[in-house]
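Encoded as C-alpha cells, the structure appears first; notes follow it.
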Amino acid sequence: MSRVLCVDPGEKRIGVAVSDLSGTIANPLAVIEHVGRVIDAARIADLANEYQASLIVVGQPLDEEGLVGPQARKSQRLGEAIHSQTAIPVVYWDESDSTQTARMTRIEMGVSRGKRKGHMDDLAATVILQSFLDSETPSGSTH
C-alpha cells in the first residue's frame, strides 16, 4: 500500500489527514477553511498530489440506519469535485462519531480543557482515516 489522504468535510472547515508510506498509520495534516466546493476540491487534489497519495478517502456521515442523508450527499458532491480534478481514486467511508472520538482521544491524552476548545477537524480526519486503514489490514497480520 502507499499513502492515503483523508478529508473530513465540515460546514466551515475541512480536516485533512494522511497515512504513512506503509498505509497503516494516520496522521493529521491540515485544516482547510471552506471556500467553495471547486476551490476546496482543488486544494485537496493538490495536497493528494503533493503527498503522492494513491487514494483519497472522503468521510461520509451516514444516519443511524447506515443510509445516505443530506450531510452525506454534501460529502459525495465534494468527492465528485475532487475526482474531477485528479486521477487519484476517491472512496467514501462512514465518519459517524469521528469528531466525538477525536474529542475523547484528546481527553485521554490529558489535553487541558482550554486547549481542547480548538478545531478538531484534522484529528477527526485522522480518526476516519485510521478506521479505514484498520479495515484494509488483514486481521491477524503483523507489520
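Just so it is clear, none of the values below were taken in a lab; they were calculated from the coordinates. Predicted, not measured: the structure shown is a model, and the values here were computed from it. Backbone-built Cβ (ideal geometry, glycine too); neighbour counts: all protein chains shown.
In terms of surrounding Cβ atoms within a 10 Å radius of their Cβ, Leu78, Leu47, Leu21 rank from fewest to most as Leu21, Leu47, Leu78. Annotation: amide H of Leu55 within the under-5 Å range of Leu5, sequence separation 5 or more or interchain, hydrogens built in the peptide plane. Whole-Hz Karplus values for the range 2-7 come out as 10, 4, 10, 9, 10, 10 Hz, taken residue by residue from phi with 6.51 cos²θ - 1.76 cosθ + 1.60 and θ = phi - 60°; glycine and proline positions read x.
Less than 5 angstrom separates the built amide H of Ile25 from those of Asp20, all sequence-distant by 5 or more or on a different chain.
For the pair Thr24 and Val68, the difference between a 0.36 nm per residue extended length and the Cα-Cα distance amounts to 13.1 nm. Distance between the pseudo-spin-label points of Ser54 and His34 (7 Å out from Cα toward the beta carbon): 3.2 nm. What distance in nm lies between label points placed 7 Å from Cα along the C-beta direction at His83 and Glu136? Simple spin-label model gives 1.7 nm for this pair.
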